[in-house]
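The values are calculated or read from the model by the stated rules, or taken from the named source; none is laboratory data. Worth saying up front: this structure is predicted, and the values here are computed from it rather than measured. All Cβ positions, even for glycine, are placed from backbone atoms using ideal geometry, and neighbour counts span all protein chains on display. These area figures cover heavy atoms from the full protein model, side chains too; ligands, DNA and RNA do not enter into them. Shrake-Rupley method; radii C 1.70, N 1.55, O 1.52, S 1.80 Å.
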Amino acid sequence: MKEKFQAKTFRAESLRTIERVNEIVALYQAQGYVLSLRQAYYQGVAKNWWENSEKSYKNLGALINDARVAGLVDWSAIEDRGREVAFPAHWASPKEIVEVAANQFRLDKWLDQDYLILVMVEKQALEGVLAPVCRDMDVRFAANKGYGSASFFYEVGQLLRAERRNDKAPVVLYLGDHDPSGLDMTRDVRERLEMFSRGSVEVRRLALNIDQVEDFALPENPAKTTDSRAQAYIDRFGDSSWELDALDPATLAGLVQDAVAEYRAENAWTESLKREQKMRAVCRALAIATGCAD
């Protein structure tokens with residue numbers, strides 16, 4: 001909701017920008033998405049509402065901050081996914097917790113499937129878009145935050161190794177920036193997961209790929225020439241790079257949904273859904289029988 005804490009005066013140009021920000025966030029809120037600042041910024045760049053530069057990005061962030069404090073932008077419209085407050089869950093009654101537990105009961109619907117699917121993204125800022133999709137499709141999700149640590153890859157490698165013993169083929173669906181490091185991270189993910197899992201791992205890069213950059217006419221940024229991989233990248237793609245955040249959130253979600261569906265055996269999936277619903281009904285019946293749902 002919008003809530004005013006301080007009175008602020010804005011120039012007409014700034015008020016127009018605030019209106020456009022509200023237009024962007026309202027569009028995606030209607031679709032069930034909460035944007036990061038970077039995503040909101042790129043949606044405006046795509047509409048030619050502001051220029052694509054680091055200065056423009058910082059100015060927009062400062063303006064949105066002032067607009068929120070002044071009660072002109074919804075506080076829940078843009079998330080800061082790198083900073084969250086954790087707090088314990090509380091319940092008003094046994095009935096409440098039992099009902100929540102029944103609704104949250106989930107079977108591993110990939111137990112009878114041939115694949116173990118893991119969706120991995122380079123940026124934590126996109127977790128708000130991709131994590132709900134993965135939850136709905138019952139697949140594992142991880143945000144790398146750039147090059148992942150050895151501890152992270154060891155842990156994931158052990159998971160893949162265990163699932164391989166259960167005759168499941170591990171598949172990693174990877175999403176990252178189209179820049180020197182972002183492209184190299186696909187190689188890094190494959191090599192380290194194969195090392196730590198002691199076997200072959202299919203790593204499929206869903207985005208960003210150069211055809212997507214061209215198809216969606218994504219706004220470009222200069223390639224980072226300080227990156228040790230810059231020259232090889234520039235020789236192949238030129239001196240421009242592109243950020244994953246620039247893709248429309250619905251497009252990002254669709255890429256993951258379509259890719260996961262390719263690996264899923266629908267008959268087994270449907271049967272798992274039916275068993276899950278029956279077991280949820282048992283949970284609710286148990287709550288009633290024990291008096292917790294009174």
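Results, tabulated for the structure shown:
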item: Pairs, first over 12 Å from residue 110 (Cα atoms) in the stretch 264-286, second in a helix (DSSP H, G or I), C-beta under 6 Å, six or more apart; result: 280/102; 283/102; 284/102
item: Among (1) in contact with a helix residue (DSSP H, G or I) (Cβ under 8 Å, 6 or more places away or on another chain); (2) open to solvent by less than 20 Å² (accessible area, probe 1.4 Å); (3) aliphatic (A, V, I, L, M); (4) modelled with pLDDT of 90 or more - the single one residue 107 does not satisfy; result: (2)
item: Pick from the stretch 222-242, criterion within 28 Å of the chain's Cα centre (by Cα), small (Gly, Ala, Ser) and surrounded by 11 or more Cβ atoms within 10 Å (Cβ to Cβ), ranking: farthest from residue 210 (Cα to Cα); result: 230
item: Of residues in the stretch 113-138 being out of contact with any strand residue (DSSP E or B) (no Cβ under 7 Å at 6 or more places or on another chain) and open to solvent by 50 Å² or more (accessible area, probe 1.4 Å), the one nearest to residue 184 (Cα to Cα); result: 135
item: In the stretch 179-197, the residues that are of a type outside the set (A, V, I, L, M) and touching a helix residue (DSSP H, G or I) at 6+ places or on another chain (Cβ under 6 Å); result: 180, 192, 196, 197
item: Test for residue 142: is it under 18 Å from residue 260 (Cβ atoms), touching a strand residue (DSSP E or B) at 6+ places or on another chain (Cβ under 8 Å), open to solvent by less than 40 Å² (accessible area, probe 1.4 Å) and free of Cβ contacts under 8 Å to residues at least 24 places away in the same chain; result: no
item: Residue in the stretch 72-95 that is outside any loop (DSSP other than H, G, I, E, B), of a type in the set (A, V, I, L, M) and either in contact with a Lys or Arg (Cβ under 7 Å, 6 or more places away or on another chain) or surrounded by fewer than 17 Cβ atoms within 10 Å (Cβ to Cβ) (or both) present; result: no
item: Qualifying positions in the stretch 184-196 - surrounded by 15 or more Cβ atoms within 10 Å (Cβ to Cβ) and either touching a Phe, Trp or Tyr at 6+ places or on another chain (Cβ under 9 Å) or closer than 30 Å to residue 45 by Cα (or both); result: 184, 185, 186, 188, 189, 190, 192, 193, 196
item: Scan of the stretch 139-181 for residues that are assigned to a strand (DSSP E or B) and within 13 Å of the chain's Cα centre (by Cα), ordered by number; result: 140, 141, 142, 143, 173, 174, 175
item: Options 289, 293: the member that is modelled with pLDDT under 95, farther than 23 Å from residue 47 by Cβ and in contact with a Lys or Arg (Cβ under 6 Å, 6 or more places away or on another chain); result: 293
item: Selection status of residue 57, within 28 Å of residue 26 (Cβ to Cβ), in contact with a Lys or Arg (Cβ under 8 Å, 6 or more places away or on another chain), crowded, with 16+ Cβ neighbours inside 10 Å and among the aromatic types (Phe, Trp, Tyr); result: yes
item: Test result for residue 181, surrounded by fewer than 20 Cβ atoms within 10 Å (Cβ to Cβ), polar (S, T, N, Q) and either farther than 27 Å from residue 218 by Cα or without any contact (Cβ under 8 Å) to a residue 60 or more places away in the chain (or both); result: yes
item: Single unsatisfied condition, residue 32 versus (1) loosely packed, with under 12 Cβ neighbours inside 10 Å; (2) assigned to a helix (DSSP H, G or I); result: (2)
item: Residue in the stretch 21-29 that is open to solvent by 40 Å² or more (accessible area, probe 1.4 Å), part of a helix (DSSP H, G or I) and among the aliphatic types (A, V, I, L, M) present; result: yes
